[in-house]
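Q: Have a look at this one before I ask anything.
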Amino acid sequence: MQDILINWAPQETRVAVVENGAVQELHIERTLERGLVGNIYAGRVARVLPGMQSAFIDIGLERAAFLHVADVNMNGGTQRGDHGPGAPPPPPIERLVFEGQTLTVQVIKDPIGTKGARLSTQISIAGRLLVFLPQDDHIGISQKIGSPELREQLRARMTVLVGKPEEGGGGFILRTNAEEATDDDLADDIAYLRKTWGAIRERSFKSPSGTLLHQDLSLTERVLRDLAHDATQSIRIDSRMQFDALKAFGEEFTPTSVSKLEHYKGERPIFDLYNIDEEVTKALGRRVDLKSGGYLIIDQTEALTTVDVNTGGYVGARNFDDTIFKTNLEAAQAIARQLRLRNLGGIIIVDFIDMAREEHQAAVLAEFRKQLARDRTKITVSGFTQLGLVEMTRKRTRESLAHMLCEPCPTCEGKGQVKTPRSVCYDILREILREARQFNPKEFRVIASASVVEMMLDEESQHLAGLSDFIGKPISLQAEATGSPEQYDIVLM
């Protein structure tokens with residue numbers, strides 16, 4: 001069973017998805033950093049790159065956005081996603097767009113790190129039950145919807161409801177929650193989406209490039225549209241104003257979820273109900289302790305994320321193989337949860353403890369896949385490699401929790417380590433010798449961190465005195481609180 005907690009503040013909205021008493025997902029939306037996926041802009045082609053079959057599009061953001069040829073709509077021909085084996089290759093990008101051209105584009109991936117947003121000219125607008133494809137005429141059905149017979153029934157109903165092209169046109173995809181929708185519900189969604197697209201088109205004709213034409217729903221509204229389902233018991237929000245707004249939105253677009261909405265009036269902060277802030281703090285660390293005494297080490301890099309499983313202090317089983325097996329089983333559950341909680345994406349390598357028995361490997365992999373099946377994000381697991389590693393991918397949809405809440409350490413500048421005071425002392429001594437060969441000051445003054453100055457006055461005092469005698473100049477020391485132990489200045493007096 002699932003509970004959803006919404007902690008609202010003017011500057012930030014936080015949503016926690018709790019399953020069986022444990023937080024599984026955390027979504028954060030800051031007023032000044034709201035995600036861009038789903039937004040529709042009037043864009044201008046800034047540069048065409050034939051070698052990459054891509055173009056840079058100016059949509060008014062700090063960095064130019066990126067449009068690949070595979071994401072360019074061909075006016076009813078090849079669509080985004082139809083470039084697989086057997087499909088005709090798309091025309092070259094330089095034949096489709098040109099510099100200075102104005103395009104209506106939609107963000108399909110937020111800017112991540114140094115990469116700009118990814119765009120598509122194949123517009124899609126999500127509603128409560130349907131996704132509208134205004135440039136298409138296809139009717140699709142969510143793959144999660146039941147039997148082939150039911151899918152055909154839904155497609156036939158939609159064909160009648162959509163009507164002829166002159167009645168509005170466009171293609172539609174039925175979302176999973178449309179399985180039991182009535183014709184009136186579907187017709188209402190069709191009318192709403194066509195009206196929304198009409199307003200977007202009208203604004204696009206009047207607006208200059210870089211204008212935001214349509215913004216996707218806020219995080220609280222997406223809770224009702226995307227996160228709530230039949231297994232959701234309650235959706236609790238701690239703001240009366242936002243509760244009223246969300247209730248009004250739900251009554252219009254997601255009436256089945258309105259009954260689950262609750263205004264939380266408790267004195268304790270809503271996230272304290274499940275110690276969510278404590279879980280978030282743990283999720284920002286490298287080490288995750290397991291109940292058995294084992295632990296995980298999670299390292300997130302630019303290229304991939306690695307997860308290392310260790311037995312730690314667990315010695316519960318009589319047989320060493322059983323100890324490893326039980327630790328790996330527990331780790332499989334914990335890793336699946338951490339991937340969701342931290343929102344880790346891209347390539348992920350899991351180093352389970354080596355297991356001698358193949359049946360143990362199969363059982364751990366089966367448990368891992370079972371736990372990952374609860375994740376709404378697309379995941380591919382390749383199984384164990386020859387080196388005993390599990391390779392998998394998890395689709396990147398937004399910034400990870402660490403990238404959203406943290407920044408590189410100003411002391412180590414993201415390296416995760418700094419030079420020892422002794423190493424810095426030797427750097428300073430070499431620098432003084434280099435300066436003495438080029439300049440002829442009366443004195444050299446070293447300004448460095450207290451730990452470095454203490455090292456030079458104590459353990460390295462003999463080397464400092466020897467250098468002073470060698471260059472024939474006095475060397476004075478001054479301790480100063482610097483931003484990093486590695487920082488120092490040598491002043492020529």
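The values are calculated or read from the model by the stated rules, or taken from the named source; none is laboratory data. Worth saying up front: this structure is predicted, and the values here are computed from it rather than measured. Reconstructed Cβ throughout: ideal geometry from the backbone, glycine too, with neighbour counts over all protein chains shown. Protein only, heavy atoms only, side chains kept; ligands, DNA and RNA dropped before computing areas. Shrake-Rupley method; radii C 1.70, N 1.55, O 1.52, S 1.80 Å.
Q: Given 37 °C and 0.692 mPa s, compute D for region 181-224 with the Stokes-Einstein relation, Rh being the Kirkwood radius over Cα pairs; round to the nearest whole µm²/s. Show your work: numbers first, answer last.
A: Numbers: Rh = 12.4 Å.
The Stokes-Einstein estimate is 264 µm²/s.
Q: Moving on to the next point. Calculate one ³J(HN,Hα) per residue across region 458-474 by plugging θ = phi - 60° into the Karplus curve 6.51 cos²θ - 1.76 cosθ + 1.60, and present them in order as whole Hz with x for glycine and proline.
A: Once rounded to whole Hz, the list reads 10, 5, 9, 5, 5, 5, 5, 5, x, 5, 4, 5, 5, 8, x, 10, x.
Q: Now a separate question. Using the heavy atoms of the protein chains alone and a 1.4 angstrom probe, what is the accessible area of the chain per residue in square angstrom?
A: Spelled out: the 1.4 Å probe surface of the chain, per residue, equals 53 Å².
Q: Spelling out what I want: for every residue of region 157-162, take phi, set θ = phi - 60°, compute 6.51 cos²θ - 1.76 cosθ + 1.60 (Karplus), and round to whole Hz; glycine and proline get x.
A: Here the 3J(HN,Hα) series is 4, 5, 4, 5, 5, 5 Hz.
Q: Work out, in µm²/s and without decimals, the Stokes-Einstein translational diffusion coefficient of region 351-492 at 20 °C, 1.002 mPa s, Rh from Kirkwood over C-alpha pairs.
A: Rounded to a whole number, D works out at 107 µm²/s.
Q: For labels at Glu62 and Glu443 in the simple 7 Å Cα→Cβ model, what's the distance in nm?
A: Simple spin-label model gives 4.4 nm for this pair.
Q: Okay, next question. Taking the convex hull of the alpha carbon atoms in region 246-339, what volume per residue do you get, in Å³? Please list the in-between numbers first.
A: Working: hull volume 17.1 nm³, N = 94.
Here the figure is 182 Å³ per residue.
Q: Express in Å², to the nearest 10, the accessible area of Glu202 obtained by rolling a 1.4 Å probe over the protein heavy atoms while all chains stay in place.
A: 100
Q: Between Asp375 and Gln478, with labels modelled 7 Å along Cα→Cβ, what's the label distance in nm to one decimal, could you check?
A: Spacing of the two 7 Å Cα→Cβ label points: 5.4 nm.
Q: Carbon and sulfur together cover what percent of the accessible area of region 1-157 at a 1.4 Å probe radius?
A: 51
Q: If you don't mind, there's one more thing I want to ask. Taking every DSSP beta bridge with both residues inside the chain, roughly what % is antiparallel (nearest 5)?
A: Close to 75 percent.
Q: Near Lys370, which lysines are there with a Cα under 25 Å away, not counting those fewer than 8 places off in the same chain?
A: Lys144, Lys282, Lys291, Lys326, Lys378, Lys395
Q: Considering only C-alpha atoms, what is the centroid distance from region 114-140 to region 38-57, in Å?
A: The two parts, judged by their Cα centres, are 17 Å apart.
Q: With charges only on Cβ, +1 for K and R and -1 for D and E, what is the dipole size of the chain about its Cα centre, in debye, rounded to 20?
A: Working: 59 positive and 70 negative charges, 166 e Å.
Roughly 800 debye, rounded to the nearest 20.
Q: Using a Debye calculation, one point per C-alpha and no hydration shell, please list log10 I(q)/I(0) for region 133-230 at q = 0.12 Å⁻¹ in order.
A: Debye output, listed in q order: -0.48.
Q: Based only on Cα atoms, what Rg/Rh ratio does region 171-320 have, Rh being taken as Kirkwood's radius?
A: 1.13
Q: At 7 Å along Cα-to-Cβ for each site, give me the label-to-label distance between Ala248 and Glu179 in nm.
A: Roughly 3.3 nm, to one decimal.
Q: Sorted by accessible area with a 1.4 angstrom probe, largest first, how do Ser147, Ser218 fall?
A: Ser147, Ser218
Q: If you filter region 397-493 for trypsin sites (Lys or Arg not before Pro), then keep DSSP loop positions with at most 12 other Cβ within 10 Å, what is left?
A: On the way: sites: Arg398, Lys415, Lys419, Arg422, Arg430, Arg434, Arg437, Lys442, Arg445; in loops: Arg398, Lys415, Lys419, Lys442.
Here the trypsin sites (Lys or Arg not before Pro) that fit, given the DSSP loop and packing criteria, are Lys415, Lys442.
Q: A further question on this structure: Can you tell me the length gained on complete extension of the stretch Met74 to Leu433, counting 0.36 nm per residue apart and subtracting the Cα distance? Can you show the working numbers first?
A: Numbers: separation 359, 0.36 × 359 = 129.24 nm, distance 6.67 nm.
Result for the pair: 122.6 nm of gain on full extension.
Q: How large is the charge dipole for region 171-268, taken about the Cα centre, if only the Cβ atoms of Lys, Arg (+1) and Asp, Glu (-1) carry charge, to the nearest 20 debye?
A: With only Lys, Arg, Asp and Glu charged at Cβ, the dipole is about 560 debye.
Q: Using all alpha carbons of region 389-467, what is the percent of pairwise distances in each 10 Å bin, ordered from the shortest bin to the longest?
A: 14, 30, 21, 13, 13, 8, 1
Q: When the Kirkwood radius is taken over all Cα pairs of the chain, what Stokes-Einstein diffusion coefficient follows at 4 °C and 1.567 mPa s, in µm²/s?
A: Values: Rh = 27.2 Å.
It diffuses with D of about 48 µm²/s by this estimate.
Q: Still on this model: Region 1-139: percent of C-alpha pairs farther apart than 19 Å?
A: Result for the distance tail: 61 percent.
Q: Heavy atoms only, probe 1.4 Å: what % of the accessible area of region 374-436 goes to carbon and sulfur, would you let me know?
A: With neighbouring chains kept in place, the figure for region 374-436 is 50 percent.
Q: Compute the separation of the alpha-carbon centres of region 200-253 and region 391-433 and state it in Å as a whole number.
A: Using only Cα atoms to place each centre, the spacing works out to 38 Å.
Q: Need the C-alpha centroid separation for region 1-19 versus region 465-486, integer Å.
A: So the separation of the two Cα centres works out to 54 Å.
Q: Which one, Val162, Ala178, Leu150, is farthest towards the positive end of the dipole of region 149-202 when Lys and Arg carry +1 and Asp and Glu -1 on their Cβ?
A: Selected residue: Val162.
Q: Rolling a 1.4 angstrom probe over the protein chains, ignoring ligands and nucleic acids, what is the accessible area of His263 in square angstrom, nearest 10?
A: 50
Q: At a 1.4 Å probe, what is the % contribution of carbon and sulfur to the accessible area of region 176-317?
A: 47
Q: Could you compute how much accessible surface Glu179 exposes when probed at 1.4 Å, giving the result in Å² to the nearest 10?
A: Approximately 70 Å² for this residue.
Q: So, R0 is 22 Å and r is the distance between the beta-carbons of Met241 and Gln333; what FRET efficiency does that work out to, to 0.05?
A: E between Met241 and Gln333, to the nearest 0.05, is 0.05.
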